[in-house]
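Asks: Below is the structure I would like to discuss, written out as C-alpha cells.
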Amino acid sequence: MGYETIRLEYEEQLAILTIDRPKALNAFNAKALQEVELALRVVHHNAQLRALIVTGSGEKAFVAGADIAEMVEMTPTQAREFAGIGHRVFHMMETLSIPTIAAVNGFALGGGCELALCCDLIYASENAKLGLPEVTLGVIPGFGGTQRLTRLVGRVRAKELIFTGEMVDAAKAKEIGLVLEVLPADRLMEHCRSVAHKLLKRGPLAIAQAKRVIEFGADGDLRSANELERQGFSMLFGSEDQREGMRAFLEKRQPMFKGR
Ligand code: DAK
C-alpha cells in the first residue's frame with residue numbers, strides 16, 4: 001500500500017509504524033491521521049502480527065503534535081472532521097489487541113504525546129522531550145491527553161504539565177512515570193525491538209486478555225474489575241494456547257503459541 005505520510009513495515013510478527021513527515025517534525029495533518037487509521041486497520045486484520053512499535057521518522061521528533069499550519073485556518077466543520085478522525089485513531093491504537101510500544105525518539109508534543117499515551121509501553125531516547133503545549137495555542141489537549149496523562153502520572157503532575165504547557169526532558173518523564181526507560185538515541189529501536197521480541201514469545205490471547213482487563217478494569221471499581229479478570233482468566237482455559245503453555249512447562253520445553 002502506498003502511503004505518503006507514514007511507513008508500515010513488517011519484521012515477521014512485528015509491525016513498525018513510522019510517522020514520516022520529518023520536515024514538519026512528523027506533525028499530524030489530516031492526511032497523516034487518515035493514513036494511521038488505515039494502517040491500524042491493516043494491523044488489526046492481520047492475524048499474524050503480535051506486536052506494534054510506533055515511532056517517528058528522523059532523529060528529531062516522534063510527533064510534534066497536530067499540524068498547526070493546517071489547523072490555523074480550519075473551519076468548525078473541518079475541525080470536527082479532524083477531531084473525528086483523531087478520536088477514532090487514538091481509540092483504535094489504545095484498543096488494538098496486540099501490545100503497542102511507543103519509541104519516542106524526540107519531540108512528542110500535543111497530539112504526539114497523546115499518541116504515545118495510547119500505547120501500552122513508552123520508551124524514550126535521551127533527546128526526547130514530551131509535553132502538552134496546547135494552552136500556549138489557546139486550546140486544551142483534544143485527543144485524550146487530559147484524561148490519559150492524568151491517569152498515568154496523577155492529577156497534580158498532569159495539571160502542572162498541562163497548565164504550564166512546558167515540555168519535560170526524557171529523564172524527568174521517566175521520573176514522573178510518563179516513560180518507562182530512557183535509552184541513548186541509537187539504542188532506542190533496538191531496545192523496543194527486544195521488548196517486542198519478548199512479547200512475541202508469550203501467549204497472544206493471554207496478552208490480549210491482560211490488556212483488555214487492565215484497560216477496562218482501570219476505569220472501574222475493584223470488584224467489577226476483578227470480576228472481569230475472573231472471566232478473562234477462565235475464558236483462556238478454552239484455548240489451545242493455555243494447554244500448550246502448561247504442557248510445555250511440564251515437558252520442559254518452550255511453548256509454541258498459535259493464538260487460538
Ligand atoms: N505543526 C506544523 N509544523 C510544525 C510543527 C507542528 N506542530 N512542529 C514543528 N513544525 C515545523 C516547523 O514549522 C518547521 O517548519 P519550517 O519552518 O522548517 O518549514 C519545522 O517543523 C522544524 O521546526 P522548528 O524549526 O520549529 O524546530 P525547532 O527545533 O526550533 O523547534 C519544536 C522544535 C518542536 C520545539 C517546535 O517546532 C515547536 O514548538 N513545534 C510546535 C509544537 C506544538 O505546539 N505542537 C502542537 C500541539 S497542539 C483536536 C485535537 C487535538 C489537537 C488538535 C485538534 N481536535 C479535537 C480538533 C492537537 C493539538 C496539538 O497537538
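Asks: Could you list all residues from segment 168-213 that are within 19 Å of His44 (Cβ to Cβ) and surrounded by fewer than 17 Cβ atoms within 10 Å (Cβ to Cβ)?
Replies: Result: Arg212, single match.
Asks: Criterion first (hydrophobic (A, V, I, L, M, F, W, C), over 24 Å from Lys60 (Cα atoms) and touching a strand residue (DSSP E or B) at 6+ places or on another chain (Cβ under 9 Å)) does Leu161 satisfy it?
Replies: No; evaluated as a whole, the condition is false for this residue.
Asks: Moving on to the next point. Please determine whether any residue of segment 221-234 is assigned to a helix (DSSP H, G or I), in contact (Cβ under 8 Å) with a residue 12 or more places away in the chain and touching a Leu at 6+ places or on another chain (Cβ under 9 Å).
Replies: So far as segment 221-234 goes, no, none of its residues is assigned to a helix (DSSP H, G or I), in contact (Cβ under 8 Å) with a residue 12 or more places away in the chain and touching a Leu at 6+ places or on another chain (Cβ under 9 Å).
Asks: Does Asp186 satisfy the criteria of being at pLDDT below 95 and not aliphatic (A, V, I, L, M)?
Replies: no
Asks: Give the residues of segment 11-32 that are surrounded by 24 or more Cβ atoms within 10 Å (Cβ to Cβ) and assigned to a helix (DSSP H, G or I), sorted by residue number.
Replies: Ala32
Asks: Can Leu205 be described as of a type in the set (A, V, I, L, M, F, W, C), under 30 Å from Asp241 (Cβ atoms) and away from the ligand (no atom under 16 Å from the Cβ)? If you could, list the steps in order and put the result at the bottom.
Replies: Working: of a type in the set (A, V, I, L, M, F, W, C): yes; under 30 Å from Asp241 (Cβ atoms): yes; away from the ligand (no atom under 16 Å from the Cβ): yes.
Yes.
Asks: Please find, within segment 72-115, the residue that is nearest to the chain's Cα centre (by Cα) out of those that are among the charged types (D, E, K, R) and more than 8 Å from the ligand (Cβ to nearest atom).
Replies: Per the criteria, the residue is Glu94.
Asks: Let me ask something else about it. Please give the number of the condition Leu38 fails out of (1) surrounded by fewer than 17 Cβ atoms within 10 Å (Cβ to Cβ); (2) within 8 Å of the ligand (Cβ to nearest atom).
Replies: Unmet for Leu38, out of (1) surrounded by fewer than 17 Cβ atoms within 10 Å (Cβ to Cβ); (2) within 8 Å of the ligand (Cβ to nearest atom): (2).
Asks: Same structure again: For segment 70-77, check the following and say yes or no: at least one residue is over 28 Å from Ile207 (Cα atoms) and crowded, with 18+ Cβ neighbours inside 10 Å. Talk me through it step by step, then tell me what you get.
Replies: Within segment 70-77, the first condition is being over 28 Å from Ile207 (Cα atoms), and the residues that meet it are 70-77.
The next check asks that each one be crowded, with 18+ Cβ neighbours inside 10 Å; those that pass are 71.
Taking every residue of segment 70-77 in turn, at least one turns out to be over 28 Å from Ile207 (Cα atoms) and crowded, with 18+ Cβ neighbours inside 10 Å.
Asks: To continue, here is another question. On the basis of being over 30 Å from Arg260 (Cα atoms), of a type outside the set (A, V, I, L, M, F, W, C) and within 17 Å of the chain's Cα centre (by Cα), does Gly177 make the cut?
Replies: So Gly177 passes the test.
Asks: Another one. Consider Gly165 carefully, then state whether it is at pLDDT below 95, small (Gly, Ala, Ser), within 11 Å of the ligand (Cβ to nearest atom) and surrounded by fewer than 24 Cβ atoms within 10 Å (Cβ to Cβ). Walk me through how you get there before you give the answer.
Replies: Numbers: at pLDDT below 95: no; small (Gly, Ala, Ser): yes; within 11 Å of the ligand (Cβ to nearest atom): yes; surrounded by fewer than 24 Cβ atoms within 10 Å (Cβ to Cβ): yes.
No; evaluated as a whole, the condition is false for this residue.
Asks: Another question, then. With respect to Leu49, determine if the residue is away from the ligand (no atom under 16 Å from the Cβ), assigned to a loop (DSSP other than H, G, I, E, B), over 17 Å from Tyr123 (Cβ atoms) and modelled with pLDDT of 95 or more.
Replies: Yes, satisfied.
Asks: Take segment 89-119 and flag every residue that is touching a helix residue (DSSP H, G or I) at 6+ places or on another chain (Cβ under 6 Å), surrounded by fewer than 21 Cβ atoms within 10 Å (Cβ to Cβ) and in a helix (DSSP H, G or I).
Replies: Scanning segment 89-119 gives a single hit, Met92.
Asks: Here is a follow-up. Would segment 54-67 turn up any residue that is among the β-branched types (Val, Ile, Thr), more than 13 Å from the ligand (Cβ to nearest atom) and in a loop (DSSP other than H, G, I, E, B)?
Replies: no
Asks: In addition: Hey, among Val139, Val156, which residue is within 16 Å of the ligand (Cβ to nearest atom) and either in a loop (DSSP other than H, G, I, E, B) or farther than 30 Å from Val42 by Cβ (or both)?
Replies: Residue meeting the stated conditions: Val139.
The values are calculated or read from the model by the stated rules, or taken from the named source; none is laboratory data. Predicted model only: the values in this text are computed from it and were never measured. We place every Cβ from the backbone using ideal geometry, glycine too, and count neighbours over all the protein chains shown.
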